[in-house]
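Notes for the one structure printed next.
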Amino acid sequence: MNENEKSKVVFDCALKAHRSLGPGLLESAYEECLFYELKKSGLHAEKQKALPLIYEEVNLEVGYCYKLNK
């Protein structure tokens, strides 16, 4: 599957989740539904990963998050 085909699948999954849920929910609700739809469509996907942040000698466990989707 090339990049354009993957992009279409991701877009379609996101649109389906948004249409099903409607507007106004927290990002986490859409993220969970999108993750489910991506897995259902056969794509490999991972949820957000927490990265530590050190601020003034204090280790903040969830300072940054990055998304890794393949």
Shape category assigned to the chain from the gyration tensor of Cα positions, a/c cut at 1.5: oblate
Only Lys, Arg (+1) and Asp, Glu (-1) charged, at Cβ; region 3-66 dipole about Cα centre in debye: 460
Pairwise FRET efficiency - residue 60 versus residue 40, Cβ, R0 = 30 Å, nearest 0.05: 0.30
Per-peptide average of other Cβ atoms within 10 Å, ordering 43-51, 17-25 highest first: 43-51, 17-25
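Got the relative contact order for the chain handy, in percent, Cα pairs under 8 Å and 6 or more residues apart?
This gives 23 percent for the chain.
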Pairwise Lys count, the chain - Cα closer than 18 Å, eight or more residues apart or different chains: 21
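A short reminder: the numbers here are calculations on the coordinates, not readings from a lab. All figures in this text were calculated on a predicted structure; none of them were measured in a lab. We place every Cβ from the backbone using ideal geometry, glycine too, and count neighbours over all the protein chains shown.
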